[in-house]
1. Per-residue Cβ counts within 10 Å, from other chains only, averaged over B:116-123: what number is that?
2. Taking B:K59 as the anchor, which lysines have their alpha carbon closer than 24 Å to its alpha carbon, excluding any fewer than eight residues away along the same chain?
3. Per residue, how large is the accessible surface of chain A? Use a 1.4 angstrom probe and give square angstrom.
4. Of all the Cα-Cα pairs you can form in the stretch B:45-164, what percent are over 21 Å apart?
5. Once each part is reduced to its C-alpha centroid, what is the distance from the stretch B:99-165 to the stretch A:363-386 in angstrom?
6. With just the Cα atoms of the stretch A:51-169, tell me how far they stretch along each of the three principal axes, in Å, largest first.
7. Taking Rh as the Kirkwood radius computed over C-alpha pairs, what is the Stokes-Einstein D of the stretch A:150-192 at 37 °C in a medium of viscosity 0.692 mPa s, expressed in µm² per second?
8. Excluding residues on the same chain fewer than 8 positions from A:K313, give the aspartates and glutamates whose Cα lies under 15 Å from its Cα.
Amino acid sequence: MTTETLCGDFYTHCFQAEQDKEHEGRLIINMGPQHPSTHGVLRVIVEMEGEYISRAEPVIGYLHRMHEKMGEIKTYHQYMPNMGRVDYLHALAWNWAYIGAVEKLCQIEVPRRAEFIRVITCEMNRICSHLVWWGAYLLDLGAFTPIMYSFDDREQAVDLLQMITGSRLTYCYYRFGGVRTDINDAFIAGTRDFCKLMKSRLPMYKDLVTDNYILRKRCEEIGVLPLEMARRYGATGPVLRGSGQKYDVRRAEPYSVYPELDFEIPAFPEGDAMARYRVRVAEMEQSVRIIEQSLNMLPQGDFMAPKSPKRIKPPKGDVYFAVEGARGKIGVYIISDGSSTPYRLKLRSPSYSNLSLFAELAKGTLLADAVSILGSLDLVIPEIDR
Amino acid sequence: MNLLGEIREAIKGFYSLAVGMGVTGKYFFRPEVTVHYPRKTVDNVSTYSGHVELQPGKKNPDGADCIVCGTCVRNCPSGCLTLEVLELMEENPDLEKKPKKIKKLKALIYDYSYCSLCGQCIENCPVTALGFSQHVYWAEFDRKAIKMDLVARLKDQLNAKKEAM
């Protein structure tokens, strides 16, 4: 490699090099790294031909924090707070993926009550995450009011989660063999009220936003993602379900007590931004259903396994554990060499796969539609870079 | 036909606009859900886990129960706790026996700017000398200002309590 190729960034290599006759007259603009619609430090280099995008390339790495490398240095217990910071919107799913992987590796039994507490809190967190997405996506599309309603509802859920976890955003609540604190009657009563509230709010959301004519114009038949393409890129979660595939880790690779719970997996075959929108709104409804069922089925007993180890030294071997996050399949792969720190820790984040779709989806669309597509993928940038 | 379509679209648009405005109008007359922060504060601060602090001891009401074992320091993921130990000789020792060393807590330096509030120190403390505080509204201009000695903080708190009584 010469020094010339080493210098410069993605733009110099992939865009400037092609500034020949054929590409003349095309405008290259940066969307991000500090652009409000990228929800974080994501940079998209967009090549415009008039109002249309001829090429869009996401550039990532602005928020890389070496979570995977940190896992190799810290002990199993010390790595827990990292998981709340990978995906700040659905922190509990990441908590669960890591804790679940270590539990599987060390064969730690989890009490039934703890499993139900995990389901309740994780689904609450999923609703919070979808509510933030719902507000922020509509904010991208130019509607300001909805985020006020969604944050009002989210506040109720976050207050409840604060009651038991102590934090409001970057939770570190699950422990090896259970959860940190037991849920109390105030939490249970509050959660029932929250479920009732959500049931009354979701129809209002439908009236206010989903049936809105302007929103439909901005979402319907925008960013149509064929199922075959979604599979090719490894898309999961609402993005894949928005293309018609009923794939959900909670059903496909059942974990915890999800097989006992009765819920549906919403899927819409259209594959456009509206389908992904509908999937997420329907998922909130299903999450409310799951929470209500779990509250009714909540058994008495320990919230922490009595023999949960204070120090973890797993046997040699490797383990993979996946959970369904708000954005898709969250996987944690751990290789243990028998010491108190993992030999290798790999995090599979759904946003990374979902972002890779964007280059192909945005080709040939209007710039304003690209914003809509980017929003409908529900990206969390810290999760992409880890 | 084209014109009819346009008109139909406009009517549809106006209808959805009216529905949306209806929702907004309905919520306009609902009571406020926010509080005006400096004048009023939210009432659920008691459930919030603030920074780590030493709890007043059960055995030692004038200080903390800390036995200076260093478990909190070892378990901390970000290394934000530092122990300063005072080593004393046992008072009134038997002349035949060698005097024993007593370890006492001199200072527990806590750097809040590194803390991720995971609670590992609190859970692993064998005498439950540590706990979460409810110190929520804490802002400083300097990063050094949020590095503090927890022993001194506990002393100040206890003194303040005594004066109040």
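1. On the way: counts 8, 7, 14, 10, 7, 0, 1, 4.
Averaged over the peptide's residues, the number is 6.
2. Partners found: B:K100, B:K101, B:K103, B:K104, B:K106, B:K155, B:K161, B:K162.
3. Values: 15390 Å² over 386 residues.
Ligands and nucleic acids excluded, the figure is 40 Å² per residue.
4. Working: 3079 of 7140 pairs.
Pairs farther apart than 21 Å: 43 percent.
5. Answer, in whole Å: 44.
6. So the three principal-axis extents are 56, 36, 20 Å.
7. Numbers: Rh = 11.0 Å.
Answer from the Stokes-Einstein relation: 297 µm²/s.
8. A:E72, A:E103, A:D337
The values are calculated or read from the model by the stated rules, or taken from the named source; none is laboratory data. These numbers were taken from a predicted model, which means no experiment stands behind them. Counting neighbours? That spans all protein chains shown, and the Cβs are built from the backbone with ideal geometry, glycine included. Ligands, DNA and RNA are excluded from the accessible area calculation, which covers all protein heavy atoms including side chains. Shrake-Rupley method; radii C 1.70, N 1.55, O 1.52, S 1.80 Å.
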